[in-house]
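Before any comments, here is the structure.
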Amino acid sequence: MADDEFGEVEKPIITSSTENNNCETTLSIKVKNLDIESEEDGSTGCVHYKRRAKFVTPCCGKFYKCRYCHDENEDHHFDRKTLTELICSKCDTRQKVQAECENCNVRFGKYTCLICNLFDDEDKDQYHCHGCGICRIGGRNNFFHCEVCNMCLPVQLKIEGHKCVENISRSNCPVCLGDIHTSRIPCHIPDCGHLLHKMCFDQLLASGHYVCPTCQTSMIDMQMLWDYLDAQARNIPVPKSYENCNVNIFCNDCCKQSTAKFHFVGLKCSFCGGYNTSQNIKKRSWSLSKTKDNPSTSA
């Protein structure tokens, strides 16, 4: 999360597939870029952030309330860590990046991080994670930085345990190919440990895809489906020419190899009883060469 962030404040919101920890958030909806002023404290900002400063973007020399406003109106990306100048919204003084205005002493944001060049007047329990290299929200006490995964995770995963995948958040979402490490979209961790956006995870389930796009492991409890397929297999007879046909398979869930009786419904793993299996190509070729004179046993 230490590169060009796509969220001024990145939220380490992740849900576990074993138990929903109620740490999800709603994806912010893009709306028209309008200035917003708070009647309570006079702070100004945009639809993305409340702050008392405008950025002088070094990439194009224009003035924007935040980098999201910039990216929505320009054809290039603004890396906030390249920011060197800003303008006070109260007195219009142009100055170097700092926490308070050098002219009127107004503080640009109640939360200020000069590492990330982040200023925000809204209380979101922000904190800067040195391991991630960016600011996050949700409260430092509610998250821990996993050195192996190299990202912030909810503390309950530290207690309950989680499957570490080295630098997992540095990879893009396997569904939308969008950034994960710095994304403001909440992420989901299946049991296999491969991250994907929660929104993309929900879309996969809605379209009938239940396996991890990265490793093909089941992302949810599939027992009800396996029971249904068992019932279908019992009710649908196999043609006599396939009755003695055995297939060498590999189970994507338990990662074991076994031999299964051929059935049109699916190839059932003899170890875990699941149907998330695939034919073992190497063994299949060997089996075909050994049984080529017996078509009733070929796969």
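The values are calculated or read from the model by the stated rules, or taken from the named source; none is laboratory data. In this text, all values refer to a predicted model and were calculated from it rather than measured experimentally. Using ideal geometry, Cβ is built from the backbone for each residue, glycine included, and neighbour counts are taken over all protein chains shown.
For the range 121-154, the candidate set comprises residues that are under 20 Å from Gly45 (Cα atoms) and not aliphatic (A, V, I, L, M); within that set, the residue that is surrounded by the fewest Cβ atoms within 10 Å (Cβ to Cβ) is Asp123.
When Arg136, Arg140 are checked against the criterion of being under 20 Å from Arg184 (Cα atoms), under 26 Å from the mean Cα position of the chain (by Cα) and either without any contact (Cβ under 8 Å) to a residue 24 or more places away in the chain or in the same structural domain as Gly61 (by TED's automatic domain parsing) (or both), Arg140 stands alone in meeting it.
Taking Ile189, is it modelled with pLDDT under 90 and of a type outside the set (Asp, Glu)? It is true that Ile189 is modelled with pLDDT under 90 and of a type outside the set (Asp, Glu). The single condition among (1) surrounded by fewer than 16 Cβ atoms within 10 Å (Cβ to Cβ); (2) of a type in the set (Gly, Ala, Ser); (3) at pLDDT 90 or above that Ser241 does not satisfy is (3).
Okay, residues lined up against (1) under 15 Å from Gly193 (Cβ atoms); (2) acidic (Asp, Glu):
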residue: Ile115; (1), (2): no, no
residue: Asp123; (1), (2): no, yes
residue: Asn142; (1), (2): no, no
residue: Leu153; (1), (2): yes, no
residue: Lys158; (1), (2): yes, no
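When each of Cys104, Cys164 is tested for being of a type outside the set (Phe, Trp, Tyr) and closer than 24 Å to Thr44 by Cβ, the lone residue that passes is Cys104.
Figure legend. Inter-residue proximity from the range 42-71: first residues under 15 Å from Cys101 (Cβ atoms), second residues polar (S, T, N, Q) and crowded, with 22+ Cβ neighbours inside 10 Å, beta-carbon distance below 6 Å, spacing 6+ or different chains. Indicated pairs: Arg52/Ser43.
Assessment of the range 227-247 against the conditions (among the small types (Gly, Ala, Ser) and under 30 Å from Cys149 (Cα atoms)) yields no matching residue. Looking across the range 265-284, just one residue is modelled with pLDDT under 90 and in a loop (DSSP other than H, G, I, E, B), and that is Asn280. Within the range 108-120, the set of residues being out of contact with any helix residue (DSSP H, G or I) (no Cβ under 9 Å at 6 or more places or on another chain) and buried (at least 16 other Cβ atoms within 10 Å of the Cβ) comprises Phe108, Gly109, Lys110, Tyr111, Thr112, Cys113, Phe119, Asp120.
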